[in-house]
Structure formats: C-alpha cells, structure tokens
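Okay, so here's the structure we're looking at.
The values are calculated or read from the model by the stated rules, or taken from the named source; none is laboratory data. Just so we're clear, the structure is a prediction, and the values are computed from it rather than from any experiment. FYI the Cβ positions are ideal-geometry reconstructions off the backbone, even for glycines, and counts take in every protein chain you see. Accessible surface is based on the protein model in full, side chains and every heavy atom, while ligands, DNA and RNA are left aside. Shrake-Rupley method; radii C 1.70, N 1.55, O 1.52, S 1.80 Å.
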Amino acid sequence: MLVFSWSVVILLLGSSSWAEIATIEEDTSRELSVNLHHPDLIGGDIAIKPEASRNADPCTSRGCLWQKWSDGKVYIPYYIANHYSSREVSIITRGLESFSSVSCIRFRPYQNGDHEWLSIESRNGCYSYVGRQGGGQTVSLSRQGCLYHGTVQHELLHALGFNHEQTRSDRDNHIKVYWENIIDGMAYNFDKIKTLNQGTPYDYNSVMQYEKYAFSKNNRPTMMPIPNSNVSFGQATQMSQNDIDRLNRLYNCCKYSAA
Ligand SMILES: [Zn+2]
C-alpha cells in the first residue's frame, strides 16, 4: 500500500498550453499554505522537506541521484494514481517514455519490493521534489492544468535532480531579474543555486526556464534576456537538446552523452 505523509495545499487555475504553465506555478505559489508538516514549495513547483536547505542544490548536499545499474541504465519505478483518465495516463506515459530514446533513464512501473519510486498523483498543482528522496515521492500532476507533455517532462527533470534554468549559478550573465516587479515574498524563487551545469550553456529554450512574467505583481517582466532583450525565452513545449545533454552528463549515460 502506498502511503504518503506529505501534502501541499495550493490552488490551481486551468491552462491550455505549456507556455502558461509558468503562470500556473506562479499562481500555485501565491496560494501556498506553509505548514511544517507539509513540504514547502520553492520555485513555484519544487517541493522540499522542511529540514532541507533552500539555496544549496539539494543534489550536491544529499546525493540525490538515482541508482545506475550494471547494464548502464537508471531504472526509476513509478506508480500512476488510479484517478486519471486513460487519456491522461497516456499523456503521462508518453512523458515518461520520452526519456528512453534520448538517455539511459528508464522509468518503469512500480513492483513489489521497490524501495524508492515516483508516485504520480493529481494533487493541487504541478510540483516535484528535486532528485531522489528515498521511499515513495510525490510528483503532482494535477488534472487541472498539468497534463501537458512539457509539464510532465519538467516535473520529471526536477525528480531527476534539476532546478529551474533561471536559478542557475551563471544566470546573471544571461537573464536580468527585475526584483521590483516580483510579487512581495516571492523573490526567493529567483535566488541563484550553486547548480552543476554539466558544461552546458544557459538555455532560454530549456523546458526548465520560466517565462518572462513569472511571479509578476504588475504585469511587467520579472526577467529579461541579456544582452539581447529581444530573444524569446521560457516558451519550450518539450525538453531541449541542452536539457537532454545535461541529463546524460549528470547520469553519465555514455552512449547518449555528446561529451
Ligand atoms: Zn518547476
């Protein structure tokens, strides 16, 4: 039996595209209910256990990589809650399987005896822990607003150990943050993290990059690309090649790794 002690109380609005997901994450954060017995959310959709540090990359401090097997593949068990429709399950499954053709990550159904797994559930919002937590860990894909291919990949990349693109250590060379436009109390979503960037460049088209109005309190941009402010960013509908490259480097997927 799958029992989970963590839950989050947040509200969510509907959405019709991945481009709007960042807005949803913004809305979920606004409605965040902080409770020490519940996971906190940082970056809008990243769940952390209360004892975890907010700024340090959780992967570097706690060793959150999933185990690699002798055949060179990383098998990650998942369980999909039974409250999804078949159409919704197919969207989730497509997202899970999209990693197989481009990396050594293999999501596979939960089996008796598995000690750690992803529990994919429709809770209130789209969110995930960053990296492996041990035991069953929730990946919330709400039936209201999270069932898009890019969103599924985004949350799975969190579970694999990745943070948002705009929190990268080298963010300030590529994105200017307009702190004065950010909703009061939400500035921590833009705190930089000592991320391992795996030698990949900052990528405006990463599926982990928020859009320019994320967490805006006044309909003005909270982020602008530098030096060219005309470059579009935060519009990805699926993993970029850089997302794939850094995943393969983090997990040392030799066959798929370009470097
Ligand atoms: Zn996220």
The condition from (1) in a strand (DSSP E or B); (2) surrounded by 18 or more Cβ atoms within 10 Å (Cβ to Cβ) that residue 92 misses is numbered (1)
Can you name the condition, by its number, that residue 166 falls short on among (1) crowded, with 23+ Cβ neighbours inside 10 Å; (2) more than 16 Å from residue 44 (Cβ to Cβ); (3) not aliphatic (A, V, I, L, M)?
(2)
The condition from (1) outside any strand (DSSP E or B); (2) within 16 Å of the ligand (Cβ to nearest atom) that residue 137 misses is numbered (1)
Being under 22 Å from residue 243 (Cβ atoms), more than 16 Å from the ligand (Cβ to nearest atom), touching a His at 6+ places or on another chain (Cβ under 9 Å) and aliphatic (A, V, I, L, M) narrows it down to one residue among 76, 91, 105; which is it?
91
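Residue by residue, here is whether (1) crowded, with 17+ Cβ neighbours inside 10 Å; (2) within 15 Å of the ligand (Cβ to nearest atom); (3) hydrophobic (A, V, I, L, M, F, W, C) holds:
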residue: 206; (1), (2), (3): yes, yes, no
residue: 211; (1), (2), (3): yes, yes, no
residue: 214; (1), (2), (3): yes, yes, yes
residue: 217; (1), (2), (3): no, no, no
residue: 220; (1), (2), (3): no, no, no
residue: 224; (1), (2), (3): no, no, yes
residue: 230; (1), (2), (3): no, no, no
residue: 242; (1), (2), (3): yes, no, no
residue: 245; (1), (2), (3): yes, no, no
Give me the pairs, please: first residue somewhere in the stretch 196-210 and of a type in the set (Gly, Ala, Ser), second residue anywhere and assigned to a loop (DSSP other than H, G, I, E, B) and modelled with pLDDT of 95 or more, beta-carbon distance under 6 Å, and either six or more positions apart or on two chains.
206/240
Count of the stretch 151-168 residues which are away from the ligand (no atom under 11 Å from the Cβ) and closer than 18 Å to residue 235 by Cα
2
Quick one: in the stretch 131-146, which of the residues that are farther than 15 Å from residue 207 by Cβ and out of contact with any Ser or Thr (no Cβ under 6 Å at 6 or more places or on another chain) is most open to solvent (accessible area, probe 1.4 Å)?
144
Verdict on residue 148 being over 17 Å from residue 47 (Cβ atoms) and within 16 Å of the ligand (Cβ to nearest atom):
yes
